[in-house]
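To keep things clear, I will list the structure first and then write my remarks on it.
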Amino acid sequence: MIRAVADELWLVADGQARLFEGDLEDYKDWLENQRAREGIKPKQEKNVQPKAAKPNKKALLSKQAKLEAALSVAQTDLAAINHQLADPTTYTNRARQEIDRLNHSHVELERKIAELEEGWLALEEAMEECS
């Protein structure tokens, strides 16, 4: 269910909350490593046959719509920054720090767009598996 509704995972540990860079499998591995360091034995799973998790198409469509909306906003923001960076007056009328901020925002938006596109493609593949 978490895979269907969560866009990002946050890790709360060691008195801090931070964005978790990974998926649920990475979190499971991280959790097992933490337990091993602390000497906590993992819970014994009962003899339950794993279910073949079939993705919920409605949830996938909802998540895809959220990604598309976020992608549209990021692309609009990137276009605005590209317009500012392409304007020669930007470099004569602005402080160096503001230009650096624009360049940094440009790089971050390109990274975000790439991540959103990868997520969108993964959802497309998952929806194909539902069909």
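The values are calculated or read from the model by the stated rules, or taken from the named source; none is laboratory data. In this text, all values refer to a predicted model and were calculated from it rather than measured experimentally. Cβ coordinates were reconstructed from backbone atoms using ideal geometry, including for glycine residues, and neighbour counts include every protein chain displayed. To get the accessible areas, we keep the full protein, side chains included, count just its heavy atoms, and leave off ligands, DNA and RNA. Shrake-Rupley method; radii C 1.70, N 1.55, O 1.52, S 1.80 Å.
With all protein chains in place and ligands, DNA and RNA left out, the 1.4 Å accessible area ranks TYR27, TYR91 as TYR91, TYR27, largest first.
When ARG96, ARG101 are compared by accessible area of protein heavy atoms, the largest-first order is ARG96, ARG101, using a 1.4 Å probe. Within the full protein context, the accessible area of LEU123 is estimated at about 20 Å² for a probe radius of 1.4 Å.
Over the Cα atoms of the range 65-131, each weighted equally, I'd like the Debye log10 I(q)/I(0) at q = 0.14 Å⁻¹, rounded to two decimals. For the requested q values the scattering log ratios are -0.52.
Per-residue extension of 0.36 nm, minus the Cα-Cα distance of ARG94 and LEU61, leaves a gain of 7.6 nm for this segment. Positive contributions from Lys and Arg (+1) and negative ones from Asp and Glu (-1), summed over other residues with Cβ under 12 Å from the Cβ of ASP14, come out at +1. Taken along its three principal axes, the alpha carbon spread of the range 92-131 comes to 55, 11, 7 Å, from the longest extent down to the shortest. To the nearest 0.05, what FRET efficiency results for GLN16 and TRP120 with a Förster distance of 35 Å applied to their C-beta separation? For GLN16 and TRP120, the calculated efficiency is 0.70. Residue order by solvent-accessible surface for GLU108, GLU118 is GLU118, GLU108, largest first, with ligands and nucleic acids left out and a 1.4 Å probe.
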